[in-house]
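Let me begin by presenting the structure, written as C-alpha cells, before commenting on it.
The values are calculated or read from the model by the stated rules, or taken from the named source; none is laboratory data. These numbers were taken from a predicted model, which means no experiment stands behind them. As a convention, Cβ positions derive from the backbone with ideal geometry for all residues, glycine included, and neighbour counts pool all protein chains shown. With ligands, DNA and RNA removed, areas are computed over all heavy atoms of the protein, side chains included. Shrake-Rupley method; radii C 1.70, N 1.55, O 1.52, S 1.80 Å.
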Amino acid sequence: MTMLSPLGAAIAELIADSAVAAITPRVRPIEPAAGDAKSAGSYLPFVVVSVLDAPYQAETATSSVTLGLRCYAATFAAAEALYLACAAAFHRQGPRVAASRLGIYNSLVAGGGVFDKDPDTFQPLVHGAVEMHVSIQPIPA
Amino acid sequence: MPYSKAPSAKVAANRLAKVVMNRAALDDAVLGMADALLAVGQQVIDDAAANAPRDPQTAQKRGVPMMADTGVLGCWAAGKKVGGGMVGKPRVTTVIESRSIPGTFRSVRRVASTPRDEAVLFVGFASPIAHFVELGTVKMLARPFLTPALSRNLPGLSETIEPAIGKRVKASR
C-alpha cells in the first residue's frame, strides 16, 4: 500500500498559494533550511510546517492529521500577516486532490494565532495548528 | 502560561470553598459530565507527561519543576469553575473570516468562553517552555506530546461520560 505524505501536500499548497508566495517563498518541512534563521536586524520571513499528530487509524480510509505552523517574520505584524495568509490557505477548504494524488477532504485551522518569540534568535513568530482529513491511499486520476 | 507564585493557604482555601459552592449549585447530570471531563483531562495529562521529554538535570539546575510535571487542568460547568488546579481561564485565539472582505481572515484573541449551557475542560502544561517543546524552535525539532495524548484519549470520552452521569444520578436517588 502506498502511503502519502500530508505534510508534503500541505507544503505544496502553501508554496502554490499566491498570498503566501507574495510574502515568502520559504516554506519548510519540519525545520528551517540553512540560512533561514538569522539574527536580529536581518530576520527573514519563513514558514515551518511540522506534524503534531498523525494517528494510525486502522480500518478507516481516512486519517486526521494535525499540522503545526510556525510563521516567522521581522515583526509581529508581519508574522501575523504571514500566519493569516497560511490560515486562509487551509481554513475551511473543501475537498481537493493534491498533486501527489493525496485526497484532502477538508482542512481547518484548529487553533493558534499565538504571538511568540523564538527562544534562540528572538525572531517574532506566530504559532498555529491545522487539522486535515486526508485519504490514506492515492485517489485515482 | 508562565509560572505563577504558589497561592497562600488562605487564597487556596477560598478557591476550594468556591469550587465546592459551585458544585453544590449544579444538578447531578452536569456534575457527572464535569467529573468525567476531569477524569479524561487527567488521563490526557498523565499520557502526555509519560511521553514528554524529561531533563531532570536542567530542571534541578534552574530550580524549576520539569516541564513534563507541570500539567494542569480546569473544568467549568454552567459558567462556574467546578474542578482542577488551573487558575483563571486561558486565553485562546480563533481565526474568523472578515465580513467586510470575504476570503480574508483575522485572528481574535480573548479569554476562553465557558457558556452556561456547556461543560468545558481546559488541559495544558504551565511550563514556559512547553509550547516550544510541542511546536519546535529554529534550533529544535517539534516533539509533540500533548496533541497525540489528546487524540489518543478523546475518542473514549463518551464511554467515560455515560457511567459518570449514571453514577451521580443513582447516588442522588
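Points to keep in mind about this one:
- Checked against the criterion of being over 26 Å from residue A:121 (Cα atoms) and either hydroxyl-bearing (Ser, Thr, Tyr) or open to solvent by less than 40 Å² (accessible area, probe 1.4 Å) (or both), the candidates B:49, B:130 yield just one match: B:49.
- Residue B:130 meets each of the listed conditions (1) within 30 Å of residue B:29 (Cα to Cα); (2) within 15 Å of the chain's Cα centre (by Cα) apart from (1).
- Filter pass, residue A:51 being assigned to a strand (DSSP E or B) and either in contact (Cβ under 8 Å) with a residue 12 or more places away in the chain or surrounded by fewer than 16 Cβ atoms within 10 Å (Cβ to Cβ) (or both): yes
- Being open to solvent by 10 Å² or more (accessible area, probe 1.4 Å) and within 14 Å of chain B (Cβ to nearest Cβ) is a description that applies to residue A:81.
- For the range A:64-78, a tally of residues being in contact (Cβ under 8 Å) with a residue 60 or more places away in the chain and at the interface with chain B (Cβ under 8 Å from one of its Cβ atoms) returns 3.
- Every condition in (1) touching a Ser or Thr at 6+ places or on another chain (Cβ under 7 Å); (2) more than 9 Å from chain A (Cβ to nearest Cβ); (3) open to solvent by less than 30 Å² (accessible area, probe 1.4 Å) is met by residue B:75 except one, and the failing one is (1).
- If the condition is being farther than 22 Å from residue B:125 by Cβ and either more than 14 Å from every other protein chain (Cβ to nearest Cβ) or of a type in the set (A, V, I, L, M, F, W, C) (or both), then the range B:84-108 contributes B:95, B:96, B:99, B:100, B:101, B:105, B:108.
- The set of residues in the range B:135-150 that are crowded, with 17+ Cβ neighbours inside 10 Å and facing chain A (nearest Cβ under 7 Å) comprises B:135, B:136, B:137, B:138, B:142, B:144, B:147, B:148.
- Scope the range A:89-141; condition without any contact (Cβ under 8 Å) to a residue 12 or more places away in the chain, within 12 Å of chain B (Cβ to nearest Cβ) and open to solvent by 70 Å² or more (accessible area, probe 1.4 Å); matching residues: A:117
- Residue within the range B:103-113 that is in contact with a Leu (Cβ under 7 Å, 6 or more places away or on another chain) and either at pLDDT 85 or above or open to solvent by less than 60 Å² (accessible area, probe 1.4 Å) (or both) present: yes
- Residue B:57 vs. criteria of a type in the set (S, T, N, Q) and in contact (Cβ under 8 Å) with a residue 24 or more places away in the chain: no
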